[in-house]
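First comes the structure, then the notes that go with it.
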Amino acid sequence: MTTPDHQPPASLAVKDRVYRSPMALAGGVLLLAVILWLGFDALFRGHGRAPWLALAGMILVVPLVIAFTLRPAIYAGEDRMRIRNPFRVISLPWGEIASLRSGYSNEVVVKAGGKYQLWALPVSLRGRKKAEMRKARAAADAARGDEPGRRSLGGLGGFGGFGAVGGGPTPAGTTRAESDQAMDELRELLERRGAAESAQGEITVRWAYEVAAPAVAGAILLAILLATG
């Protein structure tokens, strides 16, 4: 499930829309809490080589957990889209983007032929299935002449049974999975801004050495400790 962190009002349309995965954020915080709890326990209470192994393990694992859970984000502005993936930051002017593609993953395809995965918008097959069920239910309600999002009472005489009255009309857009809704918003922004003069330019890619360097250092330290043990 993915939702935009910030939806700017019309008066502040120049601000970027930020898309992140709430489930990834929650999972990352939980993983970090467990890793730090176990790591510091071994660091301060362990004996022999255990504290050094715990330190090396944390230096290796913590940056990787941050990279794959807390770091991914998409910043969609009026002139360009900036993709923050685990180990790279890609800045894409709208004029250089050919399409936004959804399948088993969400990707952006550039006119030069390359493609970049959108880590911040993971595809949820379960979310798509639930959205299709809501869509089918809404179509069935429309065919019966019911109000949208409202189901009929079941049982004899309209009582007693397994059907229940819904909680009101179905909100607009709920027949699409949330990551697909986010992709629709990005496609609309691409269509609207792709030909703008200010949305042209070069694609830039920057490697996230601040994430890779600590992980590599932790891996080397851990390998040395294991080799000399």
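Quick rundown of the values:
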| item | result |
| --- | --- |
| In sequence order, calculated HN-Hα J values of the stretch 97-111 (Karplus, 6.51, -1.76, 1.60; Hz; x Gly/Pro) | 8, 8, 6, 10, 10, 10, x, 7, 8, 9, 9, 10, 10, 9, 5 |
| Net charge, residue 192 excluded, C-beta distance under 11 Å - Lys, Arg +1, Asp, Glu -1 | -2 |
| Sparsely packed GluC sites (Glu not before Pro) within the stretch 173-210, loop by DSSP, other Cβ within 10 Å at most 15 | 202 |
| Semi-axis lengths (Å, descending) of the ellipsoid that matches the C-alpha gyration tensor of the stretch 47-129 | 34, 16, 10 |
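Laboratory data are not the source of any read-out in this text; all were calculated from the coordinates shown. Please read all numbers here as calculations on a predicted model, not as lab measurements. Counting neighbours? That spans all protein chains shown, and the Cβs are built from the backbone with ideal geometry, glycine included.
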